Amino acid sequence: MYLEVDNVMSFKNIIYEKKDNIAIITINRPHVLNALNRDTLLEMLSALTDVEKDPNIRALVITGAGDKAFCAGADVKEFKDKPLVELLEFMELGHKVCTMIENLSKPVIAAVNGYALGGGLELAIACDFIIASTNAKLGQPEINLGIMPGWGATQRLVRLIGLRKAKELILLGEMISAEEALQIGLVNKVVPLERLKDEAFKLAKKLIEKSPIALKFAKHAINAALKTTLPEGLDYERMSFIALYSSEDAQEGIKAFLEKRKPVWKGR
Ligand code: COA
């Protein structure tokens with residue numbers, strides 16, 4: 001592995017580690033291909049809250065334990081017999097996790113190390129980057145179970161890869177290879193499984209070289225494109241630019257460029 005992890009918080013269903021300004025969440029239920037049950041989602045929420053709060057953490061990598069799956073979706077065995085009220089809570093919890101990842105003020109990378117199916121793919125597409133291993137298989141197979149995606153795919157996937165391809169994935173429920181996912185813009189990069197974590201950390205290390213406040217403002221402005229009309233989005237961008245420009249980092253970045261030296265970011 002690229003990093004020697006030096007700080008670990010213990011959970012039951014995930015492994016949460018921190019090293020060198022990067023946090024790593026590993027979904028750790030390999031016996032069920034890292035399927036997400038209620039407890040795992042709750043643990044992810046606490047870890048994500050910690051990532052947001054910890055000023056030393058500047059990027060997050062999410063991956064799955066083992067070499068077979070990133071995450072095979074919602075835990076079917078657990079939600080099968082849930083009363084509707086509990087099912088609703090479970091669906092809301094999944095949405096909460098994906099939305100929290102999407103809105104996190106720090107960049108999030110999904111290192112997809114095998115199957116990313118159903119809720120597993122929905123989790124990955126809420127991240128800012130996806131790096132997939134060559135053996136990865138991605139898809140929204142819910143239709144084959146007589147159900148439909150419930151953690152954002154009908155909305156986020158359409159915005160990410162367009163209506164045509166999103167309908168193909170959701171209505172046919174077939175898995176696609178990592179290479180096909182790359183071709184349709186669903187993932188950023190495909191690498192052999194043995195290099196996946198190194199590549200994800202390499203990307204995280206590049207990101208933590210940037211000003212954290214500039215990353216935060218740029219990420220939120222990009223996300224605004226999904227929620228607003230073009231004129232509203234452009235207004236948001238202009239206001240964000242002005243707010244960011246008044247930060248110490250913006251002043252430092254411009255000064256450092258003119259002085260032909262590396263900027264020293266303060267994150268404010
Ligand atoms: N929820 C709960 N358990 C799951 C699961 C899920 N989403 N996906 C896999 N598992 C479990 C299997 O039930 C199996 O457990 P068992 O050994 O107790 O029977 C274990 O993980 C290994 O899966 P298995 O199906 O035996 O592996 P495989 O290599 O033959 O097939 C998949 C892999 C991913 C193709 C297959 O597991 C699958 O289709 N999973 C469901 C994917 C899905 O529909 N997700 C959306 C859910 S809404």
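Just checking, does segment 111-134 include any residue being assigned to a helix (DSSP H, G or I) and farther than 30 Å from residue 18 by Cβ? No, there is no match, as no residue in segment 111-134 is assigned to a helix (DSSP H, G or I) and farther than 30 Å from residue 18 by Cβ.
Matching residues to (1) touching a Phe, Trp or Tyr at 6+ places or on another chain (Cβ under 9 Å); (2) polar (S, T, N, Q); (3) open to solvent by 70 Å² or more (accessible area, probe 1.4 Å):
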| residue | (1), (2), (3) |
| --- | --- |
| 172 | no, no, yes |
| 188 | yes, yes, yes |
| 195 | no, no, yes |
| 198 | yes, no, no |
| 220 | yes, no, no |
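Of the residues making up segment 142-171, those that are of a type in the set (A, V, I, L, M, F, W, C), within 25 Å of residue 88 (Cα to Cα) and more than 11 Å from the ligand (Cβ to nearest atom) are 157, 158, 166, 169, 170, 171.
Quick check on my filter: what residues within segment 185-233 are of a type in the set (D, E, K, R) and in a strand (DSSP E or B)? Give the steps one after another, and end with the answer.
Filtering segment 185-233 down to residues of a type in the set (D, E, K, R) leaves 189, 194-195, 197-199, 202, 205-206, 209-210, 216, 219, 227, 232.
189 - this is the single residue of segment 185-233 that is of a type in the set (D, E, K, R) and in a strand (DSSP E or B).
A count restricted to segment 17-31 and to residues that are within 9 Å of the ligand (Cβ to nearest atom) and open to solvent by less than 30 Å² (accessible area, probe 1.4 Å) stands at 1. Filtering 74, 116 for residues that are within 16 Å of the ligand (Cβ to nearest atom), farther than 27 Å from residue 222 by Cα and among the small types (Gly, Ala, Ser) leaves a single hit, 74.
Within segment 91-110, take every residue that is in a helix (DSSP H, G or I) and open to solvent by less than 10 Å² (accessible area, probe 1.4 Å) and give me the one that is farthest from residue 55 (Cα to Cα).
Taking segment 91-110 as the starting set, the residues that turn out to be in a helix (DSSP H, G or I) are 91-103.
This time we only want the ones that are open to solvent by less than 10 Å² (accessible area, probe 1.4 Å), so: 94, 97-98, 101.
Numbers: 94: 25, 97: 20, 98: 21, 101: 17 Å.
Filtering segment 91-110 for residues that are in a helix (DSSP H, G or I) and open to solvent by less than 10 Å² (accessible area, probe 1.4 Å), the one farthest from residue 55 (Cα to Cα) comes out as 94.
Listed by first and then second residue, the pairs with beta-carbon distance under 6 Å, at least 6 apart or on different chains, first residue in segment 65-76 and without any contact (Cβ under 8 Å) to a residue 40 or more places away in the chain, second part of a strand (DSSP E or B) and near the ligand (Cβ under 6 Å from one of its atoms), form an empty list. Only one of these conditions is not met by residue 122: (1) more than 11 Å from the ligand (Cβ to nearest atom); (2) farther than 25 Å from residue 214 by Cα. Which number is it? It is condition (1) that residue 122 fails.
Selection within segment 223-268: residues that are surrounded by 11 or more Cβ atoms within 10 Å (Cβ to Cβ) and polar (S, T, N, Q). The member of this set that is farthest from residue 56 (Cα to Cα) is 228.
The values are calculated or read from the model by the stated rules, or taken from the named source; none is laboratory data. Predicted model only: the values in this text are computed from it and were never measured. Note: ideal-geometry Cβ built from the backbone for every residue, glycine included; neighbour counts use all protein chains shown. Ligands, DNA and RNA are excluded from the accessible area calculation, which covers all protein heavy atoms including side chains. Shrake-Rupley method; radii C 1.70, N 1.55, O 1.52, S 1.80 Å.
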